[in-house]
Amino acid sequence: MNNSPKDQPVPLHNRWHPDVPAVKVVDPGAVFRIECLDWTGGQIKNDNSANDVRDVDLTQVHYLSGPVAVRGAEPGDLLVVDILDIGALQASPWGFTGIFDRKNGGGFLTDHFPNAGKAIWEFEGIYAQSRHIPNVRFAGIIHSGLIGTAPSRKLLDEWTKREKALVRTDPKRVPPLATLPEKKGALAGMATGAKAEKIMKEGARTVPGRENGGNCDIKNLTRGSRGYFPVFVKGGNLSMGDIHFSQGDGEISFCGGIEMAGWIDIKVNLIKGGMKKYGVTTNPIFETSPLEPNYSKYLTFEGISVDEKGKQHYLDPYVSYKRACLNAIEYLKKFGYTGEQAYMILSTAPVEGRISGIVDIPNSVTTVYVPTEIFDFDLTPNSKGPVKKNRKQIALCTK
Ligand code: ZN
């Protein structure tokens, strides 16, 4: 935990590649614990400056633990992964949320919040609260933002080809359209010599979710849930990391969950030939957990696919979700939160995001459900008007 990512007792990796060697081989039915660094490998500190978020080295992300191979797993099988439990390391009961600088990562609302910002969250058992965002406290829905199996050589080549083609459509864009293989900052796990070099050079970046699962940031993949992952290589080779104490649907500020180091208890099993049997050939499926925060009252904000400049888009949920989030942020500002604080609340609290309508041309309607019970004041509209207070600010870089 205190060692640098390069100097861990079990070597870490931060790229997807079929040749990353398994750190351990287990039998179907095995139960084991995996410890994970936070996704940046400790680059972000528990303090009141956002300079570390502004200057974060994104070639290093995400630090992953594993891969763990399952004896007998072959391409075409489904790897059954029970997330038995997840927790914070005892020495590290805190997490962070970042708004990335537009020139270094950006985020969903980077046009509105271009400067780096940071909030620190303290954990009290299942609850999180932040000295940077007062009057809000919620039960976490702790999950691994990133979990997946290793790609086959063929799949890796497809990823590289299609993502390169996308970047070529606008190669100078800031932030870029996709993160392509990048040797700088790469770690190849237990591989050494020429094999490590190859992994570092060719390995897919871990930023997007893909066919193997990966960085899907599904908040409901919490303790007690079960995933079914396609197996593309012998052993399956399961890796994971990027633990979030909590996250709203969409993880909108990009470094947007409550990012933390921690441990995950896992049980693995196999369904032989399961990919074909269940038609789960391109992406994982999962079962939800019986344990999730039990909020029942939500204030819901709508967005339509008309952008901030008034331009009509055709059924575009990306545009409408942005508008729904901006509507929620404007509302929260009436109670004294800054835009940055509101952005982070939407990004971290157990906020539900839904595609409500996707057929009524030309507007898709998406909705953002904010649980009102997480605030220690009444968030609903009434005839007296909002109680506006100074609610401080997150750590923010002004340039
Ligand atoms: Zn994360």
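The values are calculated or read from the model by the stated rules, or taken from the named source; none is laboratory data. Predicted, not measured: the structure shown is a model, and the values here were computed from it. With ideal geometry, Cβ positions are generated from the backbone for all residues, glycine too; neighbour counts draw on all protein chains shown. Ligands, DNA and RNA are stripped out before the accessible areas are found, and what is left, the full protein with its side chains, is counted by its heavy atoms. Shrake-Rupley method; radii C 1.70, N 1.55, O 1.52, S 1.80 Å.
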Which members of region 211-232 meet the condition of being in a loop (DSSP other than H, G, I, E, B) and within 16 Å of the ligand (Cβ to nearest atom)?
N215, C216, D217, I218, K219, N220, L221
Output the residue which, of all residues in region 41-58 that are within 20 Å of the chain's Cα centre (by Cα) and assigned to a helix (DSSP H, G or I), is surrounded by the most Cβ atoms within 10 Å (Cβ to Cβ).
V53
I want to confirm something. Restricting to region 9-27 and keeping residues that are open to solvent by 60 Å² or more (accessible area, probe 1.4 Å) and assigned to a loop (DSSP other than H, G, I, E, B), which single residue is modelled with the highest pLDDT?
D27
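Return a yes/no flag: does region 233-248 have any residue that is touching a Lys or Arg at 6+ places or on another chain (Cβ under 9 Å), more than 16 Å from the ligand (Cβ to nearest atom) and not charged (D, E, K, R). Give the derivation first.
Initially, region 233-248 is screened for residues touching a Lys or Arg at 6+ places or on another chain (Cβ under 9 Å), giving 233, 235, 244, 246-248.
After this cut, where a residue has to be more than 16 Å from the ligand (Cβ to nearest atom) as well, the list is 233, 235.
Those still in the list that are not charged (D, E, K, R) too: 233, 235.
Checked region 233-248: at least one residue is touching a Lys or Arg at 6+ places or on another chain (Cβ under 9 Å), more than 16 Å from the ligand (Cβ to nearest atom) and not charged (D, E, K, R).
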Filter region 167-209 for residues that are more than 16 Å from the ligand (Cβ to nearest atom) and within 26 Å of V280 (Cα to Cα); which is surrounded by the most Cβ atoms within 10 Å (Cβ to Cβ)?
G203
Which numbered condition E308 fails, given (1) within 24 Å of the chain's Cα centre (by Cα); (2) closer than 28 Å to D360 by Cα; (3) surrounded by fewer than 16 Cβ atoms within 10 Å (Cβ to Cβ); (4) not small (G, A, S):
(1)
Identify all residues within region 148-176 that are in a helix (DSSP H, G or I), under 29 Å from R54 (Cβ atoms) and among the aliphatic types (A, V, I, L, M); write none if there are none.
L166, V167
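Residue-by-condition table, conditions (1) open to solvent by less than 30 Å² (accessible area, probe 1.4 Å); (2) within 16 Å of the ligand (Cβ to nearest atom):
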residue: E259; (1), (2): yes, yes
residue: G274; (1), (2): yes, no
residue: P284; (1), (2): no, no
residue: E287; (1), (2): no, no
residue: L299; (1), (2): no, no
residue: E302; (1), (2): no, no
residue: Q312; (1), (2): no, no
Consider region 178-210. How many of its residues are touching a Ser or Thr at 6+ places or on another chain (Cβ under 7 Å), among the aliphatic types (A, V, I, L, M) and part of a loop (DSSP other than H, G, I, E, B)?
1
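For (1) acidic (D, E); (2) more than 29 Å from K118 (Cβ to Cβ); (3) in contact with a Cys (Cβ under 9 Å, 6 or more places away or on another chain); (4) free of Cβ contacts under 8 Å to residues at least 24 places away in the same chain, each residue gets a yes or a no:
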| position | (1), (2), (3), (4) |
| --- | --- |
| Y318 | no, no, no, yes |
| Y321 | no, no, no, no |
| L346 | no, no, yes, no |
| I361 | no, yes, no, no |
| V368 | no, no, yes, no |
Out of F123, F100, F113, F96, I need the residue that is more than 14 Å from the ligand (Cβ to nearest atom) and either of a type in the set (S, T, Y) or buried (at least 22 other Cβ atoms within 10 Å of the Cβ) (or both). Which one?
F113
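So that you can scan it fast, the table gives a plain yes or no per residue for (1) touching a residue at least 40 places away in the same chain (Cβ under 8 Å); (2) under 30 Å from Y278 (Cβ atoms):
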{"position": "F108", "(1), (2)": "yes, no"}
{"position": "F113", "(1), (2)": "yes, no"}
{"position": "A116", "(1), (2)": "yes, no"}
{"position": "T149", "(1), (2)": "yes, yes"}
{"position": "W159", "(1), (2)": "yes, yes"}
{"position": "P176", "(1), (2)": "no, no"}
Among the numbered criteria (1) modelled with pLDDT of 95 or more; (2) open to solvent by less than 20 Å² (accessible area, probe 1.4 Å); (3) more than 18 Å from A69 (Cα to Cα), which single criterion is violated by G236?
(3)
